[in-house]
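Visitor: Below you'll find the structure I mean.
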Amino acid sequence: MDKCNNLINPNWEKHGYIQVYTGNGKGKTTASLGLAMRALGRCWKVLIIMFTKGGDDYGELNSFRELSPEISKNLTIIQAGLDRIVYRANQSEEDLKEIKKGWELAKNAIKNDEYNLIILDEANIAIDMGFIDIDEAVEILKNKPEEMEIVLTGRNANPKIIEIAHLVSEIKPVKHYWDKGVSARKGIEY
């Protein structure tokens, strides 16, 4: 018998929420991916769209590729970014194209009610940089399917997103080894 049959509680509060993980501290994406693992462990269908993140050198992508076939059939990961970090000073038309493609996929997945959980990783940055129209994002989120959970991560969450969100966590840096010159480390930062 399929382990996922009847595991999703049909009365799971009948409401999905909008969550935002923002702030200048480390751990926003990590928190959202932990939530994805929890949802997958409950046989939810999960979509992760990684805005501004391309390339293949992410530990979490390596881990997701190694999930059991039973779990991985419920997971879709889309990278909507180039193989670099995007800042205002280095943004390009190619960044815009990649992010727009990812946003179109996200909108369709939300409208078509295809997933239980959708994680829009670094969407706050894409909105802040003007790659995703804030008013369109708010409209899409406000009209999401009732039971769908949506998470947006990234610094500089727009006040309009914070206003419609049901849960907002701001991650603040208190102390970080980067301040002493430690570079990003494989297995910890990526």
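Visitor: Under a 5 Å amide H to amide H cut-off, with H placed in plane at 1.01 Å, what residues pair with R84 once short-range neighbours are removed?
Guide: Result for R84 returns G54.
Visitor: Residue by residue through region 174-183, what is 3J(HN,Hα) from phi via Karplus (6.51 cos²θ - 1.76 cosθ + 1.60, θ = phi - 60°)? Round to whole Hz and write x for glycine and proline.
Guide: 9, 7, 8, 5, 4, 4, 9, x, 6, 6
Visitor: Fewest Cβ neighbours within 10 Å first, please rank D121, D128, D95 accordingly.
Guide: With the fewest neighbours first, D121, D128, D95 line up as D128, D95, D121.
Visitor: Right, next: Please arrange Y58, Y17, Y115 by how many other C-beta atoms lie within 10 Å of their C-beta, fewest to most.
Guide: Final ranking by Cβ density, sparse to dense: Y17, Y58, Y115.
Visitor: Continuing with this model, one more query. At 0.36 nm per residue, minus the direct Cα-Cα distance, what do S92 and K111 gain on full extension? Give it in nm, one decimal, please.
Guide: 4.0 nm
Visitor: Say R0 is 35 Å: what FRET efficiency, to the nearest 0.05, do D133 and M37 get from their beta-carbon distance?
Guide: 0.70
Visitor: Please list, or write none, the aspartates and glutamates whose alpha carbon is within less than 18 Å of the alpha carbon of K175, excluding same-chain residues fewer than 8 places away.
Guide: Excluding near neighbours in sequence, the set is E189.
Visitor: Using the 10 angstrom Cβ neighbour count as an exposure proxy, how do M129, M50 rank, fewest first?
Guide: Going from sparsest to densest Cβ surroundings: M129, M50.
Visitor: Now for a different question. Structure shown: which of K53/K97; K26/K73; K73/K101; K45/K73; K111/K142; K53/K101 lie over 18 Å apart, alpha-carbon to alpha-carbon?
Guide: As for pairs spanning more than 18 Å Cα to Cα, those are K26/K73; K73/K101.
Coordinate-derived values only; no laboratory data. Keep in mind it's a predicted model, so treat the numbers as computed, not measured. Quick reminder, even Gly has a Cβ in these numbers, built from the backbone with ideal geometry, and neighbours come from all protein chains shown.
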